[in-house]
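The values are calculated or read from the model by the stated rules, or taken from the named source; none is laboratory data. Just so it is clear, the structure is predicted and the values come from calculations on it, not from any experiment. Please note: Cβ atoms are built from the backbone with ideal geometry, for glycine as well, and neighbour counts cover all protein chains shown. Each accessible area value is taken on the protein alone, full model and side chains, heavy atoms only, with ligands, DNA and RNA left out. Shrake-Rupley method; radii C 1.70, N 1.55, O 1.52, S 1.80 Å.
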Amino acid sequence: MQIPGRGQVCPGLYIYNTGELRQVSDSPAEACPWHRRGAIIMEAVLKSVVLLIVATSLSQAKDAPSSTKTETAKPQTLSRGWGDNLDWVQTYEEALFKAKSGNKPLMVINHREDCPHSQSLKKAFSEHKGIQKLAEQFILLNVIYDPTDKNLILDGQYVPKIVFVDPSLVVRADIPGKYSNHRYTYEPEDIDLLYENMKKAQILLKTEL
């Protein structure tokens, strides 16, 4: 078998250049054993390249971060949205204990999650910077059920309802809102009155002690 010399073109030879496989002779590949061997090698190389490209693509697809963000529900806190940066107690009994031992007034907020009036007042309460700051001086409790202590019922059961209790464990019935039928309720437009009543609860506490 004679191998083509330099400058010669093998019959049936194909040239792979710049991504194109081009035939430079019309003679069949079987006419040249040298070419047949080269063709086998070229085919193996091309297969290896294809497999490498497929493997790389699969690897990139696997490592690519998912574009869908999974939103996790925020855990329910004791504030229930009335002031996430404030310290809230869990039960009325705990609130009374801390009010007495810490010599701080207690503010009890009775509301409902499905009550639009409660939600509107909550928004005004949480956005009022003065109230959020002054509330740090109170023992805070918000409940979504009617209290079992009859002293908190006062003029009836309704929501929203805000009642103050002093450290001597006396319910401050003398600090109402502005409505005659529901004396301890507040609307969003009454938020400044609530702010003043919080100040009043502190002042009365200091003068009575």
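Summary of values
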item	result
Extended-chain gain in nm, criterion 0.36 nm per residue less alpha-carbon gap, residue 199 and residue 170	8.7 nm
Simple label model, 7 Å out from Cα along Cβ direction - residue 119 to residue 86, nm	2.0
Largest to smallest principal axis extent of the C-alpha atoms in the range 105-209, angstrom	39, 32, 24
The range 74-127 pair-distance distribution - Cα-Cα, 5 Å bins, rounded %	4, 17, 25, 25, 17, 9, 3, 0
Portion, in percent, of the accessible area of the range 125-165 that falls on carbon or sulfur, probe 1.4 Å	51
Calculated P(r) tail over 18 Å for the range 159-206, as whole % of Cα pairs	25
Computed lengthening from residue 48 to residue 153, 0.36 nm per intervening residue step minus Cα-Cα distance	29.5 nm
Surface per residue (accessible, 1.4 Å probe) for the range 98-209, Å²	51
Pairwise label distance in nanometres, residue 56 with residue 77, each label 7 Å out on the Cα-Cβ vector	4.9
Chymotrypsin sites (Phe, Trp or Tyr not before Pro) restricted to the range 95-165 and DSSP loop, no more than 12 other C-beta within 10 Å	145
Projected label distance in nm at residue 183 and residue 145, using a 7 Å step from Cα toward the beta-carbon	2.7
Estimated vicinal HN-Hα couplings, Hz - the range 164-176 in sequence order (Karplus 6.51, -1.76, 1.60; Gly, Pro = x)	9, 10, 8, x, 7, 6, 9, 5, 7, 5, 8, 10, x
